[in-house]
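These notes concern the structure reproduced below.
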Amino acid sequence: MKKILSYIWLLLPLVAVLSCIEEYRLEGAAPTEAEANFSFTPTAESDNILQFTADGNFFMMNWDLGNGQTGEGKTVTGTFPLAGTYTVSLTVFNAGGSVTFSRDIVIEQTDPLLLDRPIFNMLTGGVEATEGKTWKIDAGRPGHFGVGPNPSSSAGDFPEWYQAVANEKEGSGMYTDRYTFFLDGFGFNMETNGFVYLNAAQGSNFPGSFDPGVGDLSAPYEAPDGLRWSIVEPEGGYPELTISPGGFLGYFAGGRTYQIIRLEENEMFLRFVDQANTDLAWYIRLIPEGFEPDPLPEPEPEPEPENPDVNFTLNDLVGNGRRVWMLNPAVGAFGVGPGPGSDAFFPNGEDISEDRACLFNDLFIFNSNGNYEYNAQGDVFGEGYLGLADGCQPESDLLEASGSAWASGLHSFTFTPGTATDLPKITVTGTGAFIALPKAFNGGEYAEAPPRENESVTYEVIGYDASTGQLSLSIDISTDGSVFWNFVLIPAPDQSLGLSEFTRNNLVGAGEKAWKLKPGAGAFGVGPSPGSDEWFPNGNDISEDRPCLFNDRFIFNDNGTYTYDPQGDVFGEAYMGIEDGCQSVDALSGTAGEAWGAGNHQFAFIPPSGDAPAKLSVTGTGAFIALPKAYNGGEYTSGPPRADETVTYDILGYDANSEELTITIDISGEGGTFWTFVLVPAND
């Protein structure tokens with residue numbers, strides 16, 4: 001029976017022997033078909049291995065042996081293990097053009113010895129496997145599917161850029177497809193079970209393609225009958241497996257030829273080039289149907305990571321209660337690279353502080369009460385994702401753009417201390433909260449504004465030099481630990497930068513000003529540092545539970561008088577001599593805590609000096625702000641308060657826009673326990 005290329009589709013080893021060409025034909029006329037004639041003779045090895053020789057001499061001679069083999073030169077050798085008729089063609093070229101001559105070659109008998117080859121037997125099961133050998137994707141093991149560079153890097157032929165985890169592509173169709181190879185007639189059967197998995201760039205070639213939810217596309221597809229396979233083993237390269245048009249293996253990326261990186265009885269590992277992007281090479285691993293790989297060995301326990309001696313604490317971050325940071329104007333202070341601390345991708349060792357002065361004057365302010373403030377100092381470095389043109393420009397432009405949430409603003413932060421295995425971490429939270437670079441978040445970068453609402457972004461502290469104050473931060477913006485933005489901050493030389501100065505005039509207003517506790521989380525609490533409420537109420541808003549506390553008025557008069565007005569009720573505690581909870585201020589009458597009721601006292605305001613913050617003192621028997629029992633160095637356990645006592649509070653922060661005034665008092669006497677209160681004007 002006649003077997004032509006479209007039926008046989010057989011590629012077998014080719015040994016091309018180039019003959020000595022004594023002269024080249026360079027006539028102006030194209031060669032004739034007769035000049036492209038050739039002869040052939042069987043070799044001593046087998047009547048099914050033929051040597052073909054061109055009659056003429058041309059500077060280029062290309063062969064198609066009709067079995068899938070091709071060759072170049074005056075003489076080539078072809079292998080034809082199966083009986084049948086093959087159409088062999090020779091195309092010759094000269095300066096005038098080209099011509100092709102073809103003739104049918106009849107192979108009388110099949111030579112089984114040419115079929116008994118290890119690579120064929122591994123693929124098909126050999127002559128005895130009349131039902132062929134069926135393969136499937138090895139879904140249960142990591143790395144069964146992936147991608148790497150083309151050509152491969154010096155690291156080798158494997159999916160170095162991405163490797164799928166076990167069963168990652170479940171539902172795509174990849175895992176339900178089966179591929180059967182027959183030695184008889186080099187047949188191939190592709191059972192799709194309804195649909196197949198393909199590269200997104202190939203979707204237009206598959207009607208009805210859809211998103212399977214695991215990346216790329218799936219599509220309904222039934223493979224045609226009569227498919228064939230072929231193998232050719234190029235000298236110096238991997239064997240190449242080709243499936244005839246209409247069939248493919250695992251994942252369709254435009255081609256049907258696969259390099260066999262590894263072929264064993266129970267494993268086939270293939271590489272193939274993406275035809276839509278030839279810079280990529282895909283990889284698939286298959287196993288025989290019914291074969292169960294040995295369970296993967298339990299992974300060796302990861303060695304305990306060593307903390308690279310980053311000794312950085314919350315006190316280092318917030319200083320005496322408030323610390324202002326800015327980018328270090330030097331090489332390596334702002335950049336992106338393949339690892340923590342690297343700027344190899346940008347700017348690769350260059351100092352960009354002068355080119356981006358509007359970036360290097362930004363202030364990143366951490367307060368011990370958990371507030372984090374970004375202050376752009378009036379200008380920003382614009383980029384397209386912000387909704388701005390590139391380069392330095394007024395911050396007012398950003399306020400009108402889609403990225404306005406990335407402008408100066410108040411957020412919150414948390415600090416996670418380092419351990420023997422983990423680096424310290426700083427997390428900033430809020431819509432538009434960031435350090436140094438707005439677009440960077442954990443696992444990605446914003447391509448456009450606005451940022452997600454109330455987002456948290458965490459930075460690892462990879463280094464801290466206490467002598468210089470240099471603080472090195474890193475954030476992984478990839479999903480696989482391959483791309484990191486890195487920043488080096490230093491304390492701002494003037495720690496008053498970004499802080500609204502609080503004056504006596506702010507305190508007394510036009511002559512008298514009433515203040516009250518801010519009704520919100522963090523306004524009333526105690527913790528191990530200024531601004532902290534870690535011990536109580538630990539981030540909770542207690543304003544609704546204690547309305548009799550949050551309606552108290554603390555009134556400062558320009559004449560130096562301070563008045564406490566409880567508005568008719570107080571929050572009682574046992575040390576006051578009354579029951580716990582909200583009750584009438586009259587309950588204090590005749591008790592040991594009577595002096596903590598409504599009353600007039602004196603106050604003093606002390607401006608900041610050097611490193612010392614501004615201070616606010618109230619003086620009188622029972623004088624206090626917010627909490628009666630707290631005094632400098634201790635707490636009352638019972639009344640009455642000491643006569644004519646002075647209690648002094650440090651001013652921790654002031655926001656001129658919201659007029660939030662944060663004060664704190666050390667009740668330990670040694671810097672270990674602080675009550676903190678946030679006051680706002682009582683405008684009613």
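The values are calculated or read from the model by the stated rules, or taken from the named source; none is laboratory data. What you see is a predicted model; the values in this text were computed from it and never measured. All Cβ positions, even for glycine, are placed from backbone atoms using ideal geometry, and neighbour counts span all protein chains on display.
I'm trying to understand the selection: among the residues of the range 55-81, which are more than 13 Å from Thr91 (Cβ to Cβ) and β-branched (Val, Ile, Thr)?
Thr75, Thr77, Thr79
Residue check, Asp116 against (1) within 30 Å of Asn57 (Cβ to Cβ); (2) acidic (Asp, Glu); (3) at pLDDT below 90, all met but one. Which one?
So Asp116 meets the others, but not (1).
Given the residues Val618, Val570, which is the only one that is β-branched (Val, Ile, Thr), closer than 24 Å to Ala514 by Cβ and in contact with a His (Cβ under 6 Å, 6 or more places away or on another chain)? It would help to see each step written out before you state the result.
Numbers: Val570 fails: in contact with a His (Cβ under 6 Å, 6 or more places away or on another chain).
From the options Val618, Val570, the qualifying one is Val618.
With respect to Asp480, is the statement that it is at pLDDT below 90 and among the acidic types (Asp, Glu) true? Full working, then the answer.
Numbers: at pLDDT below 90: yes; among the acidic types (Asp, Glu): yes.
Against the criterion (at pLDDT below 90 and among the acidic types (Asp, Glu)), Asp480 qualifies.
Say whether the condition of being part of a loop (DSSP other than H, G, I, E, B), in contact with a Lys or Arg (Cβ under 9 Å, 6 or more places away or on another chain) and modelled with pLDDT under 90 is met by at least one residue in the range 347-368. Working first, answer last.
Quick first cut of the range 347-368, residues part of a loop (DSSP other than H, G, I, E, B) only: 347-356, 361-362, 368.
Checking the rest, the ones that are also in contact with a Lys or Arg (Cβ under 9 Å, 6 or more places away or on another chain) come to 368.
Narrowing further to those that are modelled with pLDDT under 90: 368.
Yes.
For the range 502-544, which residues satisfy the criterion of being in contact with a helix residue (DSSP H, G or I) (Cβ under 7 Å, 6 or more places away or on another chain), more than 20 Å from Gly581 (Cα to Cα) and outside any loop (DSSP other than H, G, I, E, B)?
Lys513 - this is the single residue of the range 502-544 that is in contact with a helix residue (DSSP H, G or I) (Cβ under 7 Å, 6 or more places away or on another chain), more than 20 Å from Gly581 (Cα to Cα) and outside any loop (DSSP other than H, G, I, E, B).
Against the condition surrounded by 21 or more Cβ atoms within 10 Å (Cβ to Cβ) and within 20 Å of Asp316 (Cα to Cα), how does Phe366 come out, does it pass?
Working: surrounded by 21 or more Cβ atoms within 10 Å (Cβ to Cβ): yes; within 20 Å of Asp316 (Cα to Cα): yes.
Taking the combined requirement at face value, the residue satisfies it.
Restricting the first residue to the range 535-563 and requiring it to be touching a residue at least 40 places away in the same chain (Cβ under 8 Å), which pairs with a second residue that is among the charged types (D, E, K, R) meet a Cβ separation below 6 Å and a spacing of at least six or different chains?
Arg553/Lys516; Arg553/Asp565; Phe556/Lys513; Asn557/Glu512
Filter the range 190-208 down to the residues that are closer than 22 Å to Asn266 by Cα and buried (at least 17 other Cβ atoms within 10 Å of the Cβ) and list them by number.
The initial filter retains those residues of the range 190-208 that are closer than 22 Å to Asn266 by Cα, namely 190-192.
Those that are closer than 22 Å to Asn266 by Cα and buried (at least 17 other Cβ atoms within 10 Å of the Cβ): Met190, Thr192.
Test Val647 against the stated conditions and say whether it is among the aliphatic types (A, V, I, L, M), closer than 23 Å to Phe571 by Cβ and buried (at least 18 other Cβ atoms within 10 Å of the Cβ).
On the way: among the aliphatic types (A, V, I, L, M): yes; closer than 23 Å to Phe571 by Cβ: yes; buried (at least 18 other Cβ atoms within 10 Å of the Cβ): yes.
Against the criterion (among the aliphatic types (A, V, I, L, M), closer than 23 Å to Phe571 by Cβ and buried (at least 18 other Cβ atoms within 10 Å of the Cβ)), Val647 qualifies.
Within the range 201-219, how many residues are under 12 Å from Gly171 (Cβ atoms), of a type in the set (Gly, Ala, Ser) and modelled with pLDDT of 95 or more?
1
How many residues does the range 420-438 contain that are within 16 Å of Ser474 (Cα to Cα) and touching a Leu at 6+ places or on another chain (Cβ under 8 Å)?
4
Could you count how many residues in the range 546-570 are among the β-branched types (Val, Ile, Thr) and either assigned to a loop (DSSP other than H, G, I, E, B) or surrounded by fewer than 16 Cβ atoms within 10 Å (Cβ to Cβ) (or both)?
Filtering the range 546-570 for residues among the β-branched types (Val, Ile, Thr) gives 555, 561, 563, 570.
Imposing the further condition that a residue be either assigned to a loop (DSSP other than H, G, I, E, B) or surrounded by fewer than 16 Cβ atoms within 10 Å (Cβ to Cβ) (or both) reduces the set to 561.
Total satisfying the criteria: 1.
Matching residues to (1) out of contact with any strand residue (DSSP E or B) (no Cβ under 8 Å at 6 or more places or on another chain); (2) in contact (Cβ under 8 Å) with a residue 24 or more places away in the chain; (3) small (Gly, Ala, Ser):
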residue	(1), (2), (3)
Ala200	no, no, yes
Leu217	no, no, no
Arg228	no, yes, no
Leu241	no, yes, no
Tyr251	no, yes, no
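May I ask you to verify whether Leu652 is modelled with pLDDT under 90, at negative phi and in the same structural domain as Glu512 (by TED's automatic domain parsing)?
Working: modelled with pLDDT under 90: yes; at negative phi: yes; in the same structural domain as Glu512 (by TED's automatic domain parsing): yes.
Here the answer is yes, as Leu652 does meet what is asked.
So the check is Cβ under 6 Å with 6+ separation or different chains; which pairs have a first residue in the range 129-148 that's hydroxyl-bearing (Ser, Thr, Tyr) and a second one that's assigned to a loop (DSSP other than H, G, I, E, B)?
Filtered contacts from the range 129-148: Thr134/Glu289.
Mind checking which residues of the range 253-264 are surrounded by fewer than 21 Cβ atoms within 10 Å (Cβ to Cβ) and either outside any strand (DSSP E or B) or in contact (Cβ under 8 Å) with a residue 60 or more places away in the chain (or both)? Outline the logic, then answer.
Within the range 253-264, the subset surrounded by fewer than 21 Cβ atoms within 10 Å (Cβ to Cβ) is 254-257, 259-264.
Across the range 253-264, the qualifying residues are Gly254, Gly255, Arg256, Gln259, Ile260, Ile261, Leu263, Glu264.
Suppose the filter is crowded, with 21+ Cβ neighbours inside 10 Å, in the same structural domain as Pro547 (by TED's automatic domain parsing) and free of Cβ contacts under 8 Å to residues at least 24 places away in the same chain; does Leu616 pass it? Outline the logic, then answer.
On the way: crowded, with 21+ Cβ neighbours inside 10 Å: yes; in the same structural domain as Pro547 (by TED's automatic domain parsing): yes; free of Cβ contacts under 8 Å to residues at least 24 places away in the same chain: no.
For Leu616, the condition - crowded, with 21+ Cβ neighbours inside 10 Å, in the same structural domain as Pro547 (by TED's automatic domain parsing) and free of Cβ contacts under 8 Å to residues at least 24 places away in the same chain - is not met.
In this structure, does Val92 turn out to be assigned by TED's automatic domain parsing to the domain that holds Trp282, touching a residue at least 40 places away in the same chain (Cβ under 8 Å), part of a strand (DSSP E or B) and buried (at least 17 other Cβ atoms within 10 Å of the Cβ)?
Working: assigned by TED's automatic domain parsing to the domain that holds Trp282: no; touching a residue at least 40 places away in the same chain (Cβ under 8 Å): yes; part of a strand (DSSP E or B): yes; buried (at least 17 other Cβ atoms within 10 Å of the Cβ): yes.
Criteria not met by Val92.
Name every residue in the range 111-128 that is in a loop (DSSP other than H, G, I, E, B) and either β-branched (Val, Ile, Thr) or surrounded by 17 or more Cβ atoms within 10 Å (Cβ to Cβ) (or both), in order of residue number. Let's see the steps before the verdict.
Initially, the range 111-128 is screened for residues in a loop (DSSP other than H, G, I, E, B), giving 111, 116-117, 125-128.
Scanning the range 111-128 gives Asp111, Arg117, Gly125, Val127.
What are the residues in the range 101-110 that are loosely packed, with under 13 Cβ neighbours inside 10 Å and either among the β-branched types (Val, Ile, Thr) or under 57 Å from the mean Cα position of the chain (by Cα) (or both), if any?
Val106
Across the range 666-684, what is the number of residues that are in contact with a Pro (Cβ under 9 Å, 6 or more places away or on another chain), in a strand (DSSP E or B) and surrounded by fewer than 24 Cβ atoms within 10 Å (Cβ to Cβ)?
Residues in the range 666-684 being in contact with a Pro (Cβ under 9 Å, 6 or more places away or on another chain), in a strand (DSSP E or B) and surrounded by fewer than 24 Cβ atoms within 10 Å (Cβ to Cβ): 2 in total.
Looking only at the range 304-315, filter to residues that are touching a Leu at 6+ places or on another chain (Cβ under 8 Å) and within 13 Å of Ile426 (Cβ to Cβ); which one of those is modelled with the highest pLDDT?
Checked the range 304-315; the qualifying residue modelled with the highest pLDDT is Phe312.
What's the number of the only condition in (1) touching a strand residue (DSSP E or B) at 6+ places or on another chain (Cβ under 7 Å); (2) at pLDDT 90 or above that Arg452 fails to meet?
(1)
Name the residue, out of Ser532, Ser543, Ser584, that is of a type in the set (S, T, N, Q), in contact with a strand residue (DSSP E or B) (Cβ under 8 Å, 6 or more places away or on another chain), buried (at least 18 other Cβ atoms within 10 Å of the Cβ) and not assigned by TED's automatic domain parsing to the domain that holds Ser368.
On the way: Ser543 fails: buried (at least 18 other Cβ atoms within 10 Å of the Cβ); Ser584 fails: buried (at least 18 other Cβ atoms within 10 Å of the Cβ).
Going through Ser532, Ser543, Ser584 in turn, just one is of a type in the set (S, T, N, Q), in contact with a strand residue (DSSP E or B) (Cβ under 8 Å, 6 or more places away or on another chain), buried (at least 18 other Cβ atoms within 10 Å of the Cβ) and not assigned by TED's automatic domain parsing to the domain that holds Ser368: Ser532.
If we scan the range 265-281, do we find a residue that is among the charged types (D, E, K, R), at pLDDT 95 or above, surrounded by fewer than 19 Cβ atoms within 10 Å (Cβ to Cβ) and in a strand (DSSP E or B)?
yes
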